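Contents: one structure, followed by commentary.
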Amino acid sequence: MMSIYLHDIPLNEAIARLASALEEVGLWKTLAKDWIALDENAIGRVIAEPVWARISSPHYHASAMDGFAVKAKDTEGAMLNQPLTLTCNQAEGIIQAMYVDTGDPLPEWADAVIPIENIEPIDPEGGPHQNPRSPFAIRVRASVTPWQHIRPMGEDMVATQLVLPEGHILRPVDLGAIAASGHSQVCVSRKPRVSIIPTGTELVKIGQPVKAGEIIEFNSIVLAGQVNEWGGVAHRFEITPDQFEAIKSATARAALQSDLVLLNAGSSAGSEDFTASIVKELGELLVHGVAVRPGHPVIIGMLDRNRCIDAASDRVSNFRKSFTVQNSSTKNDQSSEIPVIGVPGYPVSAAITGEIFVEPLLACWLGRKPFEPEMVQARLTRKVTSPAGDDDYMRVVVGRVGERLRAAPLSRGSGVISSLAGADGILIVPRGVQGFPAGAEVTVRLYRPLSELEQTIFVIGSHDMTLDLVSQYLSPKGRRLSSANVGSLGGLIALRRGEAHLAGSHLLDPDTGTYNVNYIRQYLPGVAVKVVAFVDRQQGLIVQKGNPKSILSLKDLPKADVLYINRQRGAGTRVLLDYHLGLLGIMPDSINGYSQEEYTHLAVAAAIASGRADSGLGIAAAANALNLDFIPLYDEQYQLVIPEEYYFSNLLEPFLELLNTPAFRNDVASLPGYGVSRMGELVAEVG
């Protein structure tokens, strides 16, 4: 093979280059086969050879009922008012009926079964017999037809018949079918072995305390979980520091015991990008950079095991290395090369790289089809943009609002692992397309069953921390809560567009001192809505622990040494701030940081906790969550705005019932700065 060094090649070309390289060395096929015992441990394995029935099932004519085996001809003429008597006693010399249990072999002379409930047992004198299973004779009042109530030999399957094809993924019921066809073992594809090497001097193990500049290493467990879920066997190496020889040695050792090596991190364009150089030394570099987001700095190559023997750690003797390669490395048998993928360090990029490259490769090696997610059409809740030169894998939440499925984009950051954990699916914006407008119909590849999404309640509007608590309480009731934080005004606009079931809002009308109603009339003309009280909460200034800048009120915000962090335009908290700044005669441009925006109270608190800002207006619970100080200033009403069509719907019924549940109300009231005295009250009806 010729070594190829490319930057940001199209995704389909990168996949094609990997497939071509594997095909050239005989690895674009099922790796190997294993014969395993037919037991519950076979569940999920992929059949490597078709299963043919060794015996018929059933392998004899079997009774399908508890009853009496008879010749159908002997029952001809039996009627309710003209019964026939059939003898069961061998002493009489002729047996016309014999008792059989369900599954018993049928006597050779019989060709039908009469269910036990359809006979009358009689004794030698012609009277009723006490034991219906061993009478002297039976009386029948209806005839039966040949082979009635019988499972004939081969009814299920006939010897030599195909039971299950190659490539089938074994389910519990399949094990029964294989056993019934006479097998005690099954031939399956060997599970591909995948080594995962996390690299980075800044990484620390899960469970260890972290300091500034350190990162908890969890990419390897995500990748390992993907590998195991997709049918492989993952082996996680210890964290390897950013040292060229250490990473090279770990990569070489992984190549001697694996079918695939995933080298995580170290694949960026920075000075510590060792992956490309290591792949070149130990094999051949095929791809360096793929035009896909997230996941740009993906590296793909092939490792030469003979080179890896020399590069492996001195702790492994040459004999041991040779033995490892010849006997336990892969059972790829003929190949001396294995693929390596340099996986980006950002969590979302790493997970998406697994979906794009690793799953199809494992599918090929296992001899099954790549997983095909369910696809649905949905309308976007807001405009999205995308780089024209990349395939953009965008995370979305999906729910049905009215007659249509809606897709709400989640955070785009490559490091935002929570966006994958909360995603219902992926929207792929193909290269050459720079995005979609709000309301565009798009195709979403689902992570969850559509039936689950049908029970999703879409909340769009102002952020409140108690919505997570709502989600926790609704889950056992078969409902999912999906919330998007776009501010109070954004929530009303989403309702107008038909993109949500309800909106959280706390828009203060400075003229009347009331909340939300006048804004609803302005932004939702002609829409009938119910306004329901949710929580009363304290708004105030969140400041760093100990309040080192001595911030006591809004009057302190214009100080030269105070850096403020604001909420976005349209947020109720921003409206509240601007209202009180106006009352105090403070100009927004006199506040350092007024234009710096965050979309949630927790994000404001995080900015202050990290030192990006000194203060921000928010709720007490957010300050408490990050161990910050809080200066209470205002009490406000956070309300739920619900279109009438959803207020009376079955979907929202558990949500509204929850507002009057003592346990839920107590949990909310226990949070700092919250009051629940009006929770669940119908505050207003508008429209």
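Bear in mind that the values in this text are calculations on the coordinates, not laboratory data. Since the structure is predicted, the reported quantities are computational estimates derived from the model, not experimental observations. With ideal geometry, Cβ positions are generated from the backbone for all residues, glycine too; neighbour counts draw on all protein chains shown.
Computed values, structure above
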| read-out | value |
| --- | --- |
| Packing-based exposure ordering (other Cβ within 10 Å, fewest first) of H601, H61 | H61, H601 |
| Phi to ³J(HN,Hα) by Karplus 6.51 cos²θ - 1.76 cosθ + 1.60 over the stretch 16-33, Hz, x for Gly, Pro | 5, 5, 5, 4, 5, 5, 5, 5, 5, 9, x, 10, 9, 6, 4, 5, 6, 10 |
| In range of the label at I43: residues from the stretch 137-178 whose backbone nitrogen is under 19 Å from the point 7 Å along Cα→Cβ | 168-178 |
| Spatial separation of Cα centroids for the stretch 107-148 and the stretch 419-464, in angstrom | 65 Å |
| Hz values of 3J(HN,Hα) by residue in the stretch 155-160 - Karplus curve (6.51, -1.76, 1.60), Gly and Pro given as x | 4, 7, 8, 10, 3, 5 |
| C-alpha center-to-center spacing [the stretch 643-667, the stretch 551-598] in angstrom | 35 Å |
| Of Q96, S595, V517, farthest towards positive along the dipole that unit charges on Lys, Arg, Asp, Glu beta carbons give the chain | S595 |
| Phi-based couplings in Hz for the stretch 603-609 (Karplus 6.51, -1.76, 1.60; Gly and Pro marked x) | 5, 4, 4, 5, 4, 6, 4 |
| Taking D391, D556, D101, D511 and counting other C-beta atoms within 10 Å, the order from fewest to most | D511, D101, D556, D391 |
| Magnitude of the charge dipole, the chain, Cβ model with Lys/Arg +1 and Asp/Glu -1, debye to 20 | 1240 debye |
| Answer label, with Kirkwood radius over Cα pairs in Å calculated from the coordinates and candidates (i) 29.0; (ii) 25.3; (iii) 31.0 | (iii) |
| Amide H contacts under 5 Å for V397, placed H, 5+ residues apart | A408, L410, D424 |
| Extension gain (nm, one decimal) between A669 and M375, 0.36 nm per residue minus Cα-Cα | 101.7 nm |
| Lys, Arg +1 and Asp, Glu -1 on Cβ, resulting dipole of the stretch 380-501 about Cα centre, debye, nearest 20 | 160 debye |
| The stretch 62-151 - Kirkwood radius from inverse mean 1/r over Cα pairs (Å) | 12.7 Å |
| Extension reserve of the N650-T201 stretch, reckoned as 0.36 nm per residue once the Cα distance is removed | 156.3 nm |
| Relative contact order (percent, whole number), the stretch 373-454, Cα cutoff 8 Å, 6+ residue spacing | 45 percent |
| Under 5 Å, built H, 5+ apart or other chain: amide partners of G389 | G432 |
| Positive-pole candidate from H506, V641, I608, dipole of the stretch 496-686, charges at beta carbon | I608 |
| Relative exposure of S553, S488, S220, S649, judged by other C-beta atoms within 10 Å (fewest first) | S553, S649, S220, S488 |
